[in-house]
Amino acid sequence: MRVILVCLLAACWLTAAPTPAAAQPGVRVDPGPIVAALTNGERLVRAPGTVARFDEARVLEELGQAVRLVVLPYVDYDLYPREGDHSQYFELVTRPILAWSLDRKVPVVVVTGLDVTMYSGPSTLDHRLPADFDELRTTTATMDITERLVVLARFGRGLPPAVAEDVDFVHPAPVPAPPDRVAEVVAALRAHPVHNAPGRADVIEDRIVTVAREEYGLGVRVAAFPGLAPGQPVTDYATPLGAAFPDDVVLVLHGGWLDVVAPDQAKALAARAFAYGDANLSLLSSGSRGHSLLSDTLKRLDLLMTETAWGFPQPPPQPRAVPFEVRRAVSALAPWVLVGSAVVISGAGVLRHRRRAAAAAADEERALRAESASAMAAIGDLGARVLTAEEGGEPVDPAAAERHTTARLLYDQAHTSVAMTEVRLVAEEGLALLTEPEPVEAPAAAVRPKRRRRKKAKAARKDTGTRPVWRKAR
C-alpha cells in the first residue's frame, strides 16, 4: 500500500479532498511509507481511505516549515491484532509516527478519521475536539476539520493560545427546508417510519424503530440524508417533521449529525448530547454508524423520561402535624437523651484512648527513625572498618565480622525502636572489637633527692679546726 503524498495545490481544495463515497472502509494503515515520507520532508502525508476534508491551501500555509500533517482513515480495530482486550493499533500505527516526531523534535498533527491530535514533545499531546455544537455539526455533517487543523498548526509553530485560537471560521446555521421537499418526506414517513434519502451511504435499518417501540414504548420516525459539502448549511427538516408527527420522536440525520424533535424537547436534546459525549466522541476516530448514534440517543431518552435519571422520586405525602405536648415530647426524647449521654461518656473515653494510642505511635515512629539512623551508621562504620582491614591484608577479627553480619540481618527484622537499639548495640560491639587500645606510657621511676651529707662535713670541720665564715650578702 503506497501513501499518497500531497503537496501544496493551486486548485480548489474541494476537488482535491476525498468525498465520503470515496472512503475505503476496512483499510489497514502501513506506517512505514508514512514515516519515510516525513523523513523525505513532506509536510502533508495522506494515507489511502481517508475521509477528512479541509482547506489544504490554508492548512499548508499555517503549517509552515515547522509542522507536519498526517491524515489517516477511520480506525477499524478488527484489522489489527489484539493483546487481551486491547487492540494493537496504537503500537503498530501511532507509535512509529510519534517516535519520529519525538526523535526529530518536529510537531506532527495526526488526523484519525475526523479526530485531530498533535504530538509536539515527550510530554505534550494536544487532543482537540469540536469546541461547541456548531463546530460539531460542521464536522459530522460535512467532515470539515479545517478550524482544528489551523489551531493546532499555530500551536505547533509556538504561537500563544490567544493568537492560535483566533480563527476566522464561520459555521453556517441551519436553513429552513423547502415546503415541497418537506411534504415529500412527510408522505414517505407516513408510509414507512424510516426514510433513507438517495445518496445516503450509511442506511438506517427498520429495527431501530422496532426496538424503540417494544423496549421503550416510543414512536419513532427517522429521516436520514447524506453528508453535505464543506460550507453547505444543514437543512432543517426536524422542525416541520416534528410538527407533522407531534406524538413521535423525530430523528433526522445529515451524514453524522443528528437533529431530534420530541414531545419533551429538553430531555431529547440532553439525550443527544449524552450520545455524542458518552463515547468521548470516539465516533470521530472510528466512524461509528448512524444506527449506533440513534440507538444511544433513544436509550438515554427512555432513561430520562421513565427512570428519573436525575434524582429520586418525591417522598409520599406526610401526615398532618400533631399539636405539641410536653409529656409526649419528653417521653419520646428521653430514650434518645439517655443513649446520647452514654455515647458521649463512652465516646470521650474511646477518644482519649485513641489520642494516647496515636501519640504513642507517633513517639514510637520518631524513636524508630532515630534508632534506625544510629544503627545504620554503626553498621556502615563497622562494615567500612572490616573492608579496610581486608583490603589492607590485615587479619580481621572473626567476632567483629560476625557482629557485622548479625547486625545487618537483625536490621531488616527490627520494627520497633527497642529492637533497633539492640541492633545498634550489636554493631557497636563489633566496633569495640576492632578499636585498637591507645598505647600508655610507663610511669618514670621516681628519683629520690640526694641527702646532704652533714655528718661528713661536720667531721671534716673537726679535723681542720676551722669554722666557715658567713658573710651577709649585700
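The values are calculated or read from the model by the stated rules, or taken from the named source; none is laboratory data. Note that the structure is a prediction, hence the values are computed from the model and not measured. With ideal geometry, Cβ positions are generated from the backbone for all residues, glycine too; neighbour counts draw on all protein chains shown.
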Strands (runs of 3 or more DSSP E) enclosed by the range 39-127 - at least 2 residues per element that are over 25 Å from the mean Cα position of the chain (by Cα), at pLDDT 90 or above and among the hydrophobic types (A, V, I, L, M, F, W, C): 44-46, 68-72
Selected residue [under 50 Å from the mean Cα position of the chain (by Cα) and of a type in the set (Asp, Glu)] from Glu402, Glu428: Glu428
Test: Tyr237 is surrounded by 20 or more Cβ atoms within 10 Å (Cβ to Cβ) and over 16 Å from Ala191 (Cα atoms): yes
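A quick yes/no check of all residues on (1) assigned by TED's automatic domain parsing to the domain that holds Arg369; (2) out of contact with any helix residue (DSSP H, G or I) (no Cβ under 8 Å at 6 or more places or on another chain); (3) of a type in the set (Ser, Thr, Tyr); (4) at pLDDT 80 or above:
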residue: Gly383; (1), (2), (3), (4): yes, no, no, yes
residue: Ala399; (1), (2), (3), (4): yes, no, no, yes
residue: Tyr411; (1), (2), (3), (4): yes, no, yes, yes
residue: Thr416; (1), (2), (3), (4): yes, no, yes, yes
residue: Thr421; (1), (2), (3), (4): yes, no, yes, yes
residue: Glu428; (1), (2), (3), (4): yes, no, no, yes
residue: Ala442; (1), (2), (3), (4): no, yes, no, no
residue: Arg448; (1), (2), (3), (4): no, yes, no, no
Where Gly465 falls short, out of the listed (1) at pLDDT 75 or above; (2) on the phi > 0 side of the Ramachandran plot; (3) not charged (D, E, K, R): (1)
Sole residue being free of Cβ contacts under 8 Å to residues at least 12 places away in the same chain, closer than 30 Å to Ala361 by Cβ and among the small types (Gly, Ala, Ser), chosen from Ala432, Ala407, Ala373: Ala373
Residue, nearest to Ala262 (Cα to Cα), within the range 204-246, restricted to residues that are basic (Lys, Arg) and modelled with pLDDT under 95: Arg213
Test: residue in the range 280-297 that is more than 30 Å from Gly49 (Cβ to Cβ), crowded, with 20+ Cβ neighbours inside 10 Å, at pLDDT below 95 and assigned by TED's automatic domain parsing to the domain that holds Asp180: no
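Conditions (1) surrounded by 12 or more Cβ atoms within 10 Å (Cβ to Cβ); (2) among the acidic types (Asp, Glu), marked per residue:
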{"position": "Arg354", "(1), (2)": "no, no"}
{"position": "Ala360", "(1), (2)": "no, no"}
{"position": "Asp363", "(1), (2)": "no, yes"}
{"position": "Ser372", "(1), (2)": "yes, no"}
{"position": "Gly392", "(1), (2)": "no, no"}
{"position": "His404", "(1), (2)": "yes, no"}
{"position": "His415", "(1), (2)": "no, no"}
{"position": "Met420", "(1), (2)": "yes, no"}
{"position": "Val426", "(1), (2)": "yes, no"}
Qualifying residue in the range 148-163 (condition: under 19 Å from Ser282 (Cα atoms), in the same structural domain as Val75 (by TED's automatic domain parsing) and not aliphatic (A, V, I, L, M)): yes
Matching option when the condition is without any contact (Cβ under 8 Å) to a residue 40 or more places away in the chain, loosely packed, with under 13 Cβ neighbours inside 10 Å and among the β-branched types (Val, Ile, Thr), among Val175, Val194, Val203: Val203
Lone unmet requirement of (1) touching an Asp or Glu at 6+ places or on another chain (Cβ under 8 Å); (2) modelled with pLDDT of 85 or more for Met376: (1)
